[in-house]
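Heads up, the thing below is written out as structure tokens.
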């Protein structure tokens, strides 16, 4: 009733049709009359149960929308079936329990061969929202005109429910609306935005300030005596000039190498402090501070007159800074280049795994390293490709019905029944592997067929256009052809291949990743660069790495590092940590690379000699 | 003993029957063979025609069943128990001689001296 009302809410043109159709579906006029004389309490009960179910799509759980819609359908079936048979309506919670399973058993009771038709029928059903087509399971009574008749009277709050239904039920299976996966992805991306953008830059800014301070210190050492007590300074000749030059060049080298090595925007925010970096910053700070201390005590206070000594002091500071930079280079950059550990990275959802060689890193740095490579090496995570269809897995328990033959002592019966069922289920031959095998073979065949169609369509489409050579334009006045730029050319040849492409993407469950706009943009790109149809198709035939599907946004990706050890400890054998995202995780296991014992053997090139095999003699 | 390709091989043969001697778990015949279509025929010291890839007896152990039965070194084995030995590999020859189920091997062997004997006996008449 509600469903019909919703159907007519959106499309007011179809008011009369389901009504008439239901009358002809075998009800007498009495049934029709009885609908109009419904007690309003039970109507509200049915609506209440419907509201419970309708709340579910809003929470964006992983349950698919189509499943929920079959439950919805089950509810309406139940409610209508109860009404048509004039039965007293059971209270709402019980009906909820029943309706939970009605849609489910409906799906699984049909055989596998008719599942294709059932799927197509499901899709039609959800698109048309016409529950008269659902009437093969139970008798449905509809009075879609009814909500319009008494819209004012008893359904003040019901109108809200109606409104809720029309706006929240998104058809997960029509082509142009937002599917459930899009919704979850959009919500995920909202969560991905890092809360504080400036937190990323706190560390580098601090180290930048410190570095600047350290660089300006020698200059300050030189300038301060000149400014303060210039008159009483001893003049300093050629040695000072030399020291000035060396000081200048060393400062230049320090500046350039610091800029080249250290001042890069960080690509990751680590959960804990980066120990080596903190160590080095502390070292630099202590160093410069102690130099200032000595300077203050020995030079500024007694107004030291030996300028050459002061210059030498500044040069020694710069030397020491250069050595600290060398230490930083080794600790931060070089130490983790030589491979020492082998990391095995496994994705929890589909088992894709890789092995990587890394050097001595801390856990958090190793995590960043792994994630860098994850984005380019692992194929993109497609949640639609994961599970076995339910019909295969759920066949086990649905075969047996247990009848109790007369005895009414129920204490032993339930446990006895369940045990008997379990024993029977264990003994019966489990053929679900068979189903799985045939299902997979069927899927492969379907994919290959669609792929063949797609390849042919694309090849044909590409033959329609060709690149215009420069001299052709001038010398062919009698065949004026329309000259197009790449975008128009792409749109022109997209039409014949669109259908094949869409079917192929649908079969391989890739359609959330490629919108029509992106396909046309890619086609334009390929045409511009003279690519062949095969080059155009490589993007769609194999699921590429996650990097291919990234959108450029400044917000980062949120990953959680889960580990039993503190994340700043170094890698060692047997360490396991995992990197978690919302719906999948990467589990990383650390093993050390084996120690290689390399021996030597020298072969004289003249020692390669051969003979024919002599007659072998066998004694019998 | 020369062999013309395409023509049937004709030779004067002697029948030799060797009883296999049981030595523990093995049955031994007491001689060694060489040759075969997978071997190098030019190394064969006993053959007249150095392209002859037949099976030759290269050694006969003293007092063994083969010597007792009359096998001599340099004999070419043509048949073993009815199986042809002129176009076999070395391993096939070994297998046919060392079948565990057979206690007796009946060989057809040929040697150059046989032909001379026959010719001489024919010439005398």
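All of the numbers you see were taken from the coordinates with simple rules; none came from a lab. None of the values given here were measured: they were computed from a predicted structure. FYI the Cβ positions are ideal-geometry reconstructions off the backbone, even for glycines, and counts take in every protein chain you see.
Odds and ends about this structure:
- Gain in span if fully extended, residue A:459 to residue A:604, counting 0.36 nm per residue against the direct Cα distance: 46.4 nm
- Virtual paramagnetic centre 7 Å along Cα→Cβ of residue A:308, amide N under 20 Å, in the range A:226-241: A:226, A:230-241
- Potential extension, residue A:509-residue A:338 segment - 0.36 nm per residue separation minus Cα distance: 57.5 nm
- Residue A:448-residue A:268 FRET efficiency (beta carbon distance; Förster radius 45 Å; 0.05 resolution): 0.65
- Length gained when the stretch residue A:550-residue A:484 is fully extended (0.36 nm per residue, less Cα-Cα span): 20.7 nm
- R0 of 41 Å, Cβ-Cβ distance residue A:212-residue A:352: FRET efficiency to nearest 0.05: 0.35
- Length-normalised contact order for the range A:200-337 - Cα pairs under 8 Å, 6+ apart - percent: 48 percent
- Under 11 Å from the residue A:494 label point (7 Å along Cα→beta-carbon), backbone N, the range A:516-533: A:516-525
- Computed over the Cα atoms of the range A:200-337, the ratio of the radius of gyration to the Kirkwood radius (Rg/Rh) comes to 1.04.
- Value of relative contact order over the range B:14-123, rounded to a whole percent, pairs C-alpha under 8 Å and six or more apart: 32 percent
- Hydrodynamic radius by Kirkwood, which averages 1/r over all alpha carbon pairs of the range B:1-42, in angstrom: 14.1 Å
- FRET efficiency, residue B:37 to residue A:535 (Cβ-Cβ, R0 51 Å, nearest 0.05): 0.40
- Using C-alpha pairs under 8 Å with a sequence gap of at least 6, the mean separation divided by the residue count of the range B:34-84 gives a relative contact order of 31 percent.
- Separation of the residue A:228 and residue B:101 label points, Cα + 7 Å toward Cβ, nm: 11.4 nm
- Cα centroid separation - the range A:496-554 against the range A:351-378, whole Å: 28 Å
- Across all Cα atoms of the range B:14-123, the radius of gyration (one decimal) and Dmax (whole number) stand at 14.0, 49 Å.
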